[in-house]
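What follows is a single structure, written as structure tokens, with notes after it.
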Amino acid sequence: MTPDEVARIYKLSEGWPAALQLYRLSMRDPAVRQMLGDFSSRRPRELADYLADNVLALQLPGVQDFLLRTSLLTRLSAPLCNAVTGRADSQEMLHLLERTGLFVRRLDLDGSWFEYHNLFGSFLAEQMMGRNAELAIEVHRCAAMWHLHHGDFESTVRHALACGDVGLAADTLDEWCSSLVSGAMLITVERWCDRLPFDEIASRPSLAIKCAWALCFLRRWEKLQPLLTLLTAREKSHVTQADPSTVLSMVAIARDDFLEAFRLVRGIPIEAHRKRGFEAFEVAAAANLTAFMEIAYGHAEATREALAIARMQGERSDATFSSGYTAGVSGVELLLQGRLPESLEHLRGALSELRFNVTHSHASGAIASCYIWSLYEANELDMAEAVFSQWHDTIEQSALLDFLAVARISMIRIHDVRGAPMRAQEVIDEAASIARANGWTRYLRMLRWERVRRALLQGDLSRAEAIAQAGSSEARNDPDAPLLFAENLEDESLGQIRLAIYTDQLDLAKELLQREAGRSCVKRFREIKLGLLEAQRYQRKGSRNLAQRSLYETLQLAAPGRYVRCFLDEGEPVLSMLREMYQGIVSHDTESLVASQGADKAFIEELLRSSGTDLSRSQTSGRSGLLEPLTDRETKILMLLANGVSNKEMAGRLFVSENTIKFHLKHIYSKLAVASRLQAVASARDLGLIK
């Protein structure tokens with residue numbers, strides 16, 4: 001080739017390696033060489049097709065036939081090529097094509113598998129279909145049977161569909177989906193099921209079940225509906241073969257119809273003899289849901305038994321999907337039982353182990369969500385935020401409300417701790433959008449009461465009441481009603497008690513506390529949260545000794561597990577009691593209840609340090625100084641208090657509600673360790689805070 005020809009080829013191909021190779025191969029034809037200057041009006045693909053056509057025409061008839069037939073294969077091996085071409089020398093032919101540069105590249109070191117360059121292969125396939133469509137169908141049929149014989153299900157389905165044998169494709173997909181679903185490869189299931197006629201799926205109950213598993217956990221509700229109609233009819237007819245009860249129970253829990261889910265799962269015999277394969281996966285999934293249910297009803301022993309079955313059957317099915325949920329539910333149960341360090345260790349190990357198998361699956365999302373919650377409760381905020389960032393996309397795809405909720409609400413609170421309330425609000429808005437899209441009204445209620453809690457801690461009682469009144473309420477009067485695990489972090493019952501305390505409806509708060517404490521499903525974590533609310537009620541009532549006693553008992557519950565955020569999340573009311581309690585310990589106050597009963601000083605110090613309290617000052621100041629500095633707003637209110645201004649007038653001057661003034665006064669009294677307006681003014685003057 002002359003330098004001018006090289007320059008022209010480079011300019012026309014823009015350096016595209018595939019086009020350059022086509023030029024090189026087609027230059028054997030003098031006509032192509034003569035037309036080199038006439039290609040400027042062609043687009044790259046048109047140019048490539050023209051050149052490929054010339055390259056193909058230059059080959060011997062036997063080579064052309066081999067190229068055309070094998071172009072319909074995604075990967076080439078000598079035995080496969082022999083099967084679709086009828087030749088016996090495919091290995092030599094593949095090596096010849098590789099040596100001559102005909103866009104064949106090897107995929108392994110020993111030259112057993114090859115593939116065509118996409119450009120050349122797609123051109124050849126188009127030529128094959130155009131020249132002899134019937135032969136192309138026969139090639140696909142031969143390839144499908146060869147791949148089926150060798151256990152390559154994906155290639156079997158692809159070639160079966162290409163030759164129009166939807167029955168073979170559906171039968172193969174049914175078998176293949178057993179491992180796809182249990183391995184959490186749900187997008188693959190959806191993609192291939194979409195290519196099958198619905199009647200083919202409906203006529204195979206086991207395939208319909210597997211397709212429903214994928215669509216459920218991918219939250220494809222519209223696609224799922226026809227299958228649900230079909231499977232629900234089978235469940236009601238009490239079929240024994242391909243029983244859809246397990247997948248229907250999962251669909252129900254994914255839609256947050258937990259009572260229907262629990263009804264279905266109670267009828268599934270998870271204690272049955274050991275299973276294998278997909279049957280073992282379904283038993284493991286049913287056992288997971290059973291454990292989820294038993295947690296909600298507070299049955300600790302039944303929970304452990306169900307989790308043991310889930311682990312055993314998950315191992316027998318080699319199902320990373322169900323095993324991930326088993327690990328997540330196990331971690332949650334440990335957290336709720338008061339065994340936070342064990343929960344952290346368990347979830348950390350499970351997430352690390354799963355990462356090596358399935359990097360981003362629903363299973364890992366379930367574990368990550370529970371791990372974030374445990375990290376948050378232990379006040380390991382940096383790690384919790386890092387885990388959320390790493391697994392965010394996977395968590396967002398979670399089909400089960402409770403896993404998504406504990407991760408999201410933990411992150412809302414982390415942003416508030418970081419001093420980023422706007423970012424916290426963004427997370428709330430994103431979560432509410434997901435909840436509405438999925439019809440998760442329970443999640444919306446949890447988010448609403450989280451917003452109420454945030455407003456209360458910010459001292460905006462009017463806003464808190466408005467948010468609470470904006471949504472419907474579903475009071476739980478049944479002491480045996482289930483409590484799903486995310487509701488232990490925040491729910492309507494906790495929110496109503498907290499709001500009643502802040503608005504001085506103390507009798508209502510007492511009634512609600514007694515009702516919650518009497519429920520059979522209450523575990524250690526819930527006891528801690530209820531104990532903190534009870535302490536606040538006594539504090540609000542002015543019963544200092546009862547408030548201290550309640551807080552002391554709650555500290556005893558929380559100290560073994562080192563639950564930090566339960567205390568800090570209640571804000572200043574609990575922190576002020578902790579500071580007062582600590583002052584009594586360091587000053588050896590014999591009248592202090594906790595000092596005389598031996599409170600866990602180290603745990604109280606951990607809580608106060610985590611809140612930002614300067615303990616060195618507390619230890620040196622005794623009871624004569626402030627327990628915590630006053631805010632600017634509290635200082636203004638204290639000055640108005642000293643001038644005899646009423647609560648109502650203060651509210652008018654500061655443009656806030658009267659309830660907000662009462663909220664700030666409670667904080668001022670706590671920091672000054674006093675119980676009345678007169679005592680507050682006297683103490684403030686002694687400390688030089690006012691004149």
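The values are calculated or read from the model by the stated rules, or taken from the named source; none is laboratory data. What you see is a predicted model; the values in this text were computed from it and never measured. Cβ sites come from the backbone with ideal geometry, for glycine too, and all protein chains shown count toward neighbours. Protein only, heavy atoms only, side chains kept; ligands, DNA and RNA dropped before computing areas. Shrake-Rupley method; radii C 1.70, N 1.55, O 1.52, S 1.80 Å.
Annotations for the structure displayed:
- Hits in the stretch 405-441 (condition: under 14 Å from the mean Cα position of the chain (by Cα) and of a type in the set (S, T, N, Q)): S410
- Any pair with Cβ under 6 angstrom, 6 or more apart, that starts in the stretch 435-463 at a residue that is touching a residue at least 40 places away in the same chain (Cβ under 8 Å) and at positive phi and ends at one that is among the β-branched types (V, I, T) and part of a helix (DSSP H, G or I): G459/T660
- A595, sole failed condition from (1) at pLDDT 80 or above; (2) not aromatic (F, W, Y); (3) not in a loop (DSSP other than H, G, I, E, B): (1)
- Residue selected from the stretch 217-229 under the condition closer than 23 Å to L180 by Cβ and open to solvent by 50 Å² or more (accessible area, probe 1.4 Å), by the criterion nearest to the chain's Cα centre (by Cα): R219
- Only listed residue being over 22 Å from the mean Cα position of the chain (by Cα) and within 27 Å of I434 (Cα to Cα), chosen from T290, T232: T232
- A682 being of a type in the set (A, V, I, L, M) and touching a helix residue (DSSP H, G or I) at 6+ places or on another chain (Cβ under 9 Å): no
- Subset tally (residues that are over 14 Å from the mean Cα position of the chain (by Cα) and open to solvent by 10 Å² or more (accessible area, probe 1.4 Å)) for the stretch 361-384: 6
- Which numbered condition G338 fails, given (1) open to solvent by less than 30 Å² (accessible area, probe 1.4 Å); (2) small (G, A, S); (3) under 24 Å from I253 (Cα atoms): (3)
- Unmet requirement for E154, which otherwise passes all of (1) surrounded by fewer than 19 Cβ atoms within 10 Å (Cβ to Cβ); (2) more than 30 Å from N438 (Cα to Cα); (3) in contact with a Lys or Arg (Cβ under 7 Å, 6 or more places away or on another chain): (3)
- Exclusive hit being open to solvent by 20 Å² or more (accessible area, probe 1.4 Å), over 24 Å from Q539 (Cα atoms) and of a type in the set (A, V, I, L, M), set L654, L640: L654
- Options R549, R524, R562, R544: the member that is among the basic types (K, R), in contact with a helix residue (DSSP H, G or I) (Cβ under 7 Å, 6 or more places away or on another chain) and within 26 Å of F663 (Cα to Cα): R549
- Some residue of the stretch 469-478 being open to solvent by less than 20 Å² (accessible area, probe 1.4 Å) and touching a residue at least 12 places away in the same chain (Cβ under 8 Å): no
- Scanning the stretch 505-529 for residues that are of a type outside the set (D, E, K, R), free of Cβ contacts under 8 Å to residues at least 24 places away in the same chain and either assigned to a helix (DSSP H, G or I) or in contact with an Asp or Glu (Cβ under 7 Å, 6 or more places away or on another chain) (or both) turns up L508, L512, Q514, A517.
- Annotation note: Cβ proximity below 9 Å between a residue of the stretch 544-572 that is among the β-branched types (V, I, T) and a residue that is surrounded by fewer than 17 Cβ atoms within 10 Å (Cβ to Cβ) (sequence gap 6+ or interchain) occurs for V564/E606; V564/S610.
Per-residue answers, yes or no, for (1) open to solvent by 20 Å² or more (accessible area, probe 1.4 Å); (2) of a type in the set (A, V, I, L, M, F, W, C); (3) touching a His at 6+ places or on another chain (Cβ under 6 Å):
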residue: A517; (1), (2), (3): yes, yes, no
residue: R537; (1), (2), (3): no, no, no
residue: G542; (1), (2), (3): yes, no, no
residue: A558; (1), (2), (3): no, yes, no
residue: V564; (1), (2), (3): no, yes, no
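- So Q397, is it of a type in the set (S, T, N, Q), free of Cβ contacts under 8 Å to residues at least 60 places away in the same chain and surrounded by fewer than 18 Cβ atoms within 10 Å (Cβ to Cβ): no
- Selected residue (criterion: least open to solvent (accessible area, probe 1.4 Å)) from residues of the stretch 114-129 that are in a helix (DSSP H, G or I) and modelled with pLDDT of 90 or more: M128
- Scanning the stretch 364-393 for residues that are of a type outside the set (F, W, Y) and closer than 14 Å to G328 by Cα yields S364, G365, A366, I367, A368, S369, C370, I372, S374, L375.
- Residue check, A208 open to solvent by less than 30 Å² (accessible area, probe 1.4 Å) and outside any helix (DSSP H, G or I): no
- Considering the stretch 51-107, the residues that are open to solvent by less than 40 Å² (accessible area, probe 1.4 Å) and of a type in the set (V, I, T) include one that is farthest from C142 (Cα to Cα), namely V55.
- In the stretch 210-224, the residues that are without any contact (Cβ under 8 Å) to a residue 60 or more places away in the chain and not basic (K, R): C211, A212, W213, A214, L215, E222, L224
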